[in-house]
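The structure under discussion appears below in the form of structure tokens.
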Amino acid sequence: MRRPSASEGDGFDSPLPLKKRTLKKVGMTTAIRETKEILHRLLDNTGVLVLYLDRNENVLLCNKKAESVTGLKHEEIIGKNWLELLFRNKNNIIKKDIFKAVMDSSIRYKRSKDFEGTILDKEGKERLFSWNLSPMHAEENQSEGYILVGHDITEIRENRPVLKNIDATLKDIFSSIKEYALYVVNLSGNITYFGMGSEAMLGWKKQEIIFKHVSILHSLEDISANLHFILENVRLFGKYEAEMQLVTKLGETIPVILTVNQLLDSTGKISGYIFIAKDITERKKFEYQVLQSEKLAALGQLAAGIAHEINNPLFVISGRLGMLKEEKELSLKMKEGLNLVYLQADRIRKLVDRILMFAHKSTPSFEPMDINEIIESVMPLIHYNNLPTVKIEIEKHFEKNMPCIRADLHQLQEVFLNLLINAYQSMPRGGVVKISTSNFQNLYAQVKISDTGIGIPAQHLKNIFMPFFSTKNDGTGLGLSICHNIIKNHNGSIELTSQVDQGSTFTIKLPFI
Amino acid sequence: MLYKILVVDDETEVRDLLVDLLNKEDYLSKSCASGEAALDLLKTESFDAVLLDIKLSGISGLEVLKNIRDTYKNLPVVMITGFGYDEDLIAKSKQCGCCGYIGKNMPVSQIITTFKQFIETAKERCKTQNE
């Protein structure tokens, strides 16, 4: 704060004449001066605009902020009516009146008033201030004047849109999170908030599920989804987390990791529960595939061992039978009987052969190959397989110029032949087999083989690649498990989708080199 | 020419069947139940070829094959196994120097014909090498 010259008088002296009269001791003058100096400095450094007004609302004292905001010099400010000072621009007449009204009410009720209002700075720019107007009382409780303090909050307010943007961004982030559902439940168990991914994951619209009991989302069959148990745990330990299944609106179950926390009110009392469910469908799928592969590998080893044990005695049976059959003194009946036994033994031999093929631990010999050529090479082989003689159309859609894959021709031929034979056999009344190849994201050659056949019931889909599992009366249940093994050896994947009476589609992905 | 064959298999029934099948095809065959016995027999008797089971009690068929290769460079050895067509086993057998591989899961009639072919090819190769 600029110190006023002697001729101007001391800003502090004028409003406080009573004080001045009481301080007569000369020794005190220095102390007072020092105190005044400190007060000046304090006011200048507060960062807020300070005006001290007399009863007539004229400025008796101001700090540096008042000078910098108005662009006026100290002497130009002192003595001016504060409204004239702050509202020099005529356009601001309405604001001036509002300020006046606030001032008047403060005076009338002798109360401090807080309000917000804009003024124009020296450059004519609007600045928003948070104002406080307080009446000053002299010792006799007589109103001496007013202190007007203004805090410039223009920048703080201008930053609000940034906050708004952050808000919108957070909303976007939350709404694009699909694997998490966040919902809140009150103490009675009714859903009071249903946000962030909940609609997408659980299929319910917010307005449909709000105030419904949360048990609607919990599977009765899944014992770990027992709501009473979960909430009891949250009440006791503050938090509960477990893997369980939730039920969607359509009645489908989804595997989730559910975390339930207490929702506390401002006094720290439980007012509800916050549920966060993480969708782990993909992880479960992966775990299942790994488990499946491990099971298949174990079965493969077992099969190889068993096949070896069967092959030796079977070799003796077949060998001896073969020799016996050729004995000259045998009766016709005997010969026929022996032949029948021989044929049945041969049937066992062929079955063991298939098992050994499934258990095949051989390392495939890989070569760079074009997927379309591999499939084309299989087509002529289909007709050697005693297939039903009904009308079956083949539609081929091959994408050209795809990168090569690393392939063992014979093994992949076996896979595609197997799948095509399956397709044929699933259409006893004829139909269409569609074979297509395409480039999947520049990573895989994707082959789809679909039929319009009898399809496979949903409950069997899970086991379809398991050895010895067959939906056909005369199947060995090894074909698809061999396909699965071969594709796995090629670092690829094979999946089946099927609908009863609509048909099945096998999708195979084999990595490009 | 009458070939003399040594059959090695630890299962009596299999061994006897192989001997019978070979003898029926005008081979002169003799058998033993283990690799150790086979190596002993080879020291005292000469054979034209060996039909050797891979899975033996005692030293394995592949070990026996290696031993034979070290001592009798040109003696043809055909491996036979209940494991059937197993590329890993085939590769290992070839590495150890066998001249053929037969799975017991083959139709019996084919087993002896295939064995015959292996022996003939090996003998032919041996002959051309000596010339």
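The values are calculated or read from the model by the stated rules, or taken from the named source; none is laboratory data. This one's a predicted model, so the numbers in the text were calculated from it and none came from an experiment. No Cβ is skipped: glycine too gets one built from the backbone with ideal geometry, and neighbour counts run over all protein chains shown. Ligands, DNA and RNA are excluded from the accessible area calculation, which covers all protein heavy atoms including side chains. Shrake-Rupley method; radii C 1.70, N 1.55, O 1.52, S 1.80 Å.
Kindly express, to the nearest 10 degrees and within the range 0 to 90, the angle between helix A:479-489's C-alpha long axis and the longest C-alpha principal axis of chain A.
So the inclination is approximately 50 degrees.
Mind checking the full-extension length gain between A:Ser293 and A:Leu381? Use 0.36 nm per residue of separation minus the Cα-Cα distance, one decimal, nm.
That works out to 28.8 nm of additional length.
Enumerate the aspartates and glutamates that B:Lys66 could reach by cross-link, defined here as Cα to Cα under 18 Å, with residues fewer than 8 away along the same chain left out.
Excluding near neighbours in sequence, the set is B:Asp9, B:Glu36, B:Asp40, B:Asp48, B:Asp53, B:Asp88.
When Lys and Arg each count +1 and Asp and Glu each count -1, what net charge do the other residues less than 15 Å away from A:Leu443, Cβ to Cβ, add up to? Before the final figure, lay out the partial values.
Numbers: positive: A:Arg406, A:Lys509; negative: A:Glu399.
Local charge sum for A:Leu443: +1.
Which of the trypsin sites (Lys or Arg not before Pro) found in segment A:28-114 are loop residues per DSSP with 15 or fewer other Cβ atoms within 10 Å of their Cβ?
Loop-located and lightly packed - A:Arg55, A:Lys73, A:Lys110, A:Arg111.
Less than 12 Å Cβ to Cβ from A:Asp408, Lys/Arg counted +1 and Asp/Glu -1: what total charge do the surrounding residues give?
On the way: positive: A:Arg406; negative: A:Glu367, A:Glu414, B:Glu87.
After counting each charged neighbour, the total is -2.
Could you work out what % of the accessible surface of segment A:183-275 is carbon and sulfur, using a 1.4 angstrom probe and leaving DNA, RNA and ligands out of the count?
Numbers: 2780 of 4950 Å².
C and S atoms contribute 56 percent here.
In segment B:21-100, which GluC sites (Glu not before Pro) fall in coil by DSSP and have 12 or fewer other Cβ atoms within 10 Å? Could you put the intermediate results ahead of the total?
On the way: sites: B:Glu25, B:Glu36, B:Glu45, B:Glu63, B:Glu87; in loops: B:Glu25, B:Glu45.
Passing both the DSSP loop test and the Cβ count: B:Glu45.
Accessible area, 1.4 Å probe, largest first: how do A:Ile348, A:Ile355, B:Ile119 sort?
Descending accessible area places them as A:Ile348, A:Ile355, B:Ile119.
Between segment B:92-131 and segment A:28-77, how far is it from one alpha carbon centroid to the other, in angstrom?
When both Cα centres are located, 115 Å separates them.
What lysines does B:Lys24 reach when the alpha-carbon gap must be under 17 Å and sequence neighbours fewer than 8 apart in one chain are set aside?
Qualifying lysines at Cα under 17 Å: A:Lys325, A:Lys328, B:Lys4, B:Lys116.
Provide the solvent-accessible area of A:Thr497, counting protein heavy atoms only and rolling a 1.4 Å probe, rounded to the nearest 10 Å².
About 90 Å², ignoring ligands and nucleic acids.
Just add up the charged neighbours of A:Cys483: K/R +1, D/E -1, any other residue whose Cβ is under 12 Å from the Cβ of A:Cys483.
-1
Of all DSSP beta bridges located in the protein assembly as shown, what percent are antiparallel, nearest 5? Please report the intermediate quantities before stating the final value.
Working: 83 of 107 bridges.
So the antiparallel bridges amount to about 80 percent of the total.
Give me the summed buried accessible area for the A-B pair, 1.4 Å probe, to the nearest 100 Å². Walk me through the intermediate numbers first.
Numbers: alone 30710 and 7300 Å², together 36010 Å².
In total, this chain pair buries about 2000 Å².
May I ask you to find the residues of segment A:295-320 that are shielded by at least 20 Å² of accessible area once the whole protein assembly is considered instead of their isolated chain (probe 1.4 Å)?
A:His308, A:Asn311, A:Asn312, A:Phe315, A:Val316, A:Gly319, A:Arg320
With a cut-off of at most 10 other beta carbons within 10 Å, and DSSP calling the residue loop, which trypsin sites (Lys or Arg not before Pro) in segment A:260-300 qualify? Please list them.
Values: sites: A:Lys269, A:Lys278, A:Arg283, A:Lys284, A:Lys285, A:Lys295; in loops: A:Lys269.
Answer by residue number: A:Lys269.
Roughly how large, in nm² to one decimal, is the mean projection of the convex hull of the alpha-carbon atoms in segment A:391-483?
Across all orientations, segment A:391-483 yields a mean hull projection of 7.1 nm².
Among the lysines, select those whose C-alpha is under 22 Å from the C-alpha of A:Lys434, and discard any that sit fewer than 8 residues away in the same chain.
Partners within reach: A:Lys391, A:Lys396, A:Lys400, A:Lys448, A:Lys472, A:Lys509.
Could you tell me what percent of the accessible area of segment A:288-336 is made up of carbon and sulfur, with a 1.4 Å probe and every protein chain present?
With neighbouring chains kept in place, the figure for segment A:288-336 is 65 percent.
Given C-alpha coordinates of segment A:217-370, what is the ratio Rg to Rh with the Kirkwood estimate of Rh?
When Rh is taken as the Kirkwood radius, the ratio is 1.40.
For segment A:174-253, count all C-alpha to C-alpha pairs, find those more than 18 Å apart, and express that count as a whole percent of the total. Spell out each step's value before the answer.
Numbers: 1315 of 3160 pairs.
Percent of Cα pairs beyond 18 Å in segment A:174-253: 42.
Relative contact order for chain B: what percent, with Cα pairs under 8 Å and sequence separation of 6 or more?
Working: 202 pairs, mean separation 26.2, N = 131.
Relative contact order of chain B: 20 percent.
Hey, rough spin-label estimate for B:Asp26 and A:Gln207, points 7 angstrom out along Cα→Cβ, what's it come to in nanometres?
The two pseudo-label positions are separated by 9.7 nm.
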